[in-house]
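A.B. asks: One structure, pasted below without further comment.
The values are calculated or read from the model by the stated rules, or taken from the named source; none is laboratory data. This one's a predicted model, so the numbers in the text were calculated from it and none came from an experiment. All Cβ positions, glycine included, derive from the backbone under ideal geometry; neighbour counts span all protein chains shown. Accessible surface areas use protein heavy atoms only, side chains included; no ligands, DNA or RNA. Shrake-Rupley method; radii C 1.70, N 1.55, O 1.52, S 1.80 Å.
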Amino acid sequence: MWEKLSDALSKNQSVSMQTEWIQEIVKCSLNGAMSRRVFMAGASSKDASSAFWVGYQMAIQKLFSPLLNNEIAAFVVNENKSSKPADWVTILEWKNEQWHLSGRKDFVTASDQIDALLVAANLGNAEKNNLGACRVCKLPIYAENVVLDDFKLPILSGLKKSRASFSCVEVLNENVSKDDGYIEYVKPFRLIEDFYVSISLLGFLTRLILKSEIKGAATSEFLGEVSLCYEAMLSCEKRVNLSLTENSVTPDFTVELFIKKVGQLIVSVLKEDGLLGSCQALKSDLMILKIGKKARDIRYQRAFESVLSIT
C-alpha cells in the first residue's frame, strides 16, 4: 500500500487528467478489483473535485457499461430536488416509430468532461408496462434539442455544473434501457456511488495528511484506520459486484458498515484540531457527504435489521 501511495502522492491530477485516466481504465475490463485503484487515484488528485470525479465516474462505468461504448457519461436523475419518478416531468415517448425525450433535469455533473448523458425519465402513458414506468436513455452530450445551462454551486468548484432541458430529443432504440430504470439503475447507483466516492475522497484526505507537516497521535490514528479500510476494500467490492450481478437492491450490511466507517473517518479528520480543521474550502467541498445522508442512513438501518432477523 505505502509504496503505491508514494507514487500517487508524486502526481497532481486535475479533473481533466483524471478523465484521461478513466478513459484508459474503461478500455480495459472493469470486472476486476477497482477499489484500491480508486483509492490511489484519489490520493493522486489535485483537489476534492478531481477525487470526487474519480469515484463518481467509476460508479457510472460499473453500473452502465452495457449502455456505454467506452464513453464518459453523467447520470442525470434529479428533478425538483428529487430522485423519485413521481416528482419528475421528464417523459420518454414512442412517437412516429422513434423515441422522443422531453423535460428538464436539475443537475449535470462535469458537463465539459463527458461524451454522453444517461437520463432517467418516466414513460408516456401509452408505453407503460409491467416492467415499470421509468427508463434510462443515453444521449450524445451535444444531441440536437439538448440545452445545457451553466450554474454555480459552492462545492466542488473544479467540476462544471449544468442544468439540462430536452425538447423532443430523438433517442435511438438501442440507447434505451429495457428494464425499469428506477429499480435497475437509480436505486443501485446510490450505493455504488457512495462506495467509490467515499474511497476516492479517503485517498485524497490521506494525501493531504501525508503532505502536511502535522505529526502526532491524531495523524497516526488516522493512518492506522486508513490502512484497515484499505484492507477491507476488496472484500466489500466483491459484495458490491455480487449485488450488481444479482440485481439485488437489498442493502448488504458489510458494505453499508464500510461506507459508514469511511464517512465517519473523513468527518472526524475535519473536526480534529490540528489536522485539517482549518481548511474551510475543503469543508465546503465535503458537504457532498451530507447529500444523500438520509438515504444512506435508511439503507444502513435496513441492512442492520436484516442481520438481526437472521440471528
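A.B. asks: Which members of the stretch 138-188 meet the condition of being aromatic (Phe, Trp, Tyr), buried (at least 19 other Cβ atoms within 10 Å of the Cβ) and within 17 Å of Asp112 (Cβ to Cβ)?
C.D. replies: Within the stretch 138-188, none qualify.
A.B. asks: Inside the stretch 50-120, counting only strands (runs of 3 or more DSSP E) that do not spill past its ends, which hold 1 or more residues that are open to solvent by 20 Å² or more (accessible area, probe 1.4 Å) and over 22 Å from Lys178 (Cβ atoms)?
C.D. replies: Here the list reads 98-109.
A.B. asks: Go through (1) farther than 18 Å from Leu67 by Cβ; (2) free of Cβ contacts under 8 Å to residues at least 60 places away in the same chain for Gln98 and report which single condition fails.
C.D. replies: (2)
A.B. asks: Quick check on my filter: what residues within the stretch 162-213 are under 22 Å from Glu225 (Cα atoms) and outside any helix (DSSP H, G or I)?
C.D. replies: Selection gives Ser212, Glu213.
A quick yes/no check of all residues on (1) out of contact with any strand residue (DSSP E or B) (no Cβ under 7 Å at 6 or more places or on another chain); (2) in contact (Cβ under 8 Å) with a residue 12 or more places away in the chain; (3) among the small types (Gly, Ala, Ser):
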position	(1), (2), (3)
Met40	yes, yes, no
Ala43	yes, yes, yes
Tyr56	no, yes, no
Val76	no, yes, no
Leu92	no, yes, no
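A.B. asks: Please verify whether the stretch 256-265 includes one or more residues that are within 16 Å of the chain's Cα centre (by Cα), basic (Lys, Arg) and at pLDDT below 90.
C.D. replies: Within the stretch 256-265 (the criterion being within 16 Å of the chain's Cα centre (by Cα), basic (Lys, Arg) and at pLDDT below 90), the answer is yes, since at least one residue qualifies.
A.B. asks: Select from the stretch 1-15 the residues that are more than 14 Å from Val54 (Cβ to Cβ) and in a helix (DSSP H, G or I) and list them in ascending order.
C.D. replies: Result: Trp2, Glu3, Lys4, Leu5, Ser6, Asp7, Leu9.
A.B. asks: Which numbered condition in (1) of a type outside the set (A, V, I, L, M, F, W, C); (2) at pLDDT below 95; (3) within 22 Å of Ile22 (Cβ to Cβ) is the only one that Glu144 fails?
C.D. replies: The one condition Glu144 does not meet is (3).
A.B. asks: In this structure, is Gly203 more than 30 Å from Ser268 (Cβ to Cβ), surrounded by 19 or more Cβ atoms within 10 Å (Cβ to Cβ), under 20 Å from the mean Cα position of the chain (by Cα) and not aromatic (Phe, Trp, Tyr)?
C.D. replies: So Gly203 fails the test.
A.B. asks: What do you reckon, is Leu5 open to solvent by less than 20 Å² (accessible area, probe 1.4 Å), closer than 29 Å to Glu170 by Cα and either among the aliphatic types (A, V, I, L, M) or in contact (Cβ under 8 Å) with a residue 40 or more places away in the chain (or both)?
C.D. replies: Taking the combined requirement at face value, the residue does not satisfy it.
Yes or no, residue by residue, for (1) among the β-branched types (Val, Ile, Thr); (2) modelled with pLDDT of 90 or more:
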position: Val169; (1), (2): yes, yes
position: Leu172; (1), (2): no, yes
position: Ser198; (1), (2): no, yes
position: Leu202; (1), (2): no, yes
position: Lys211; (1), (2): no, no
position: Ala217; (1), (2): no, no
position: Glu225; (1), (2): no, yes
position: Cys236; (1), (2): no, yes
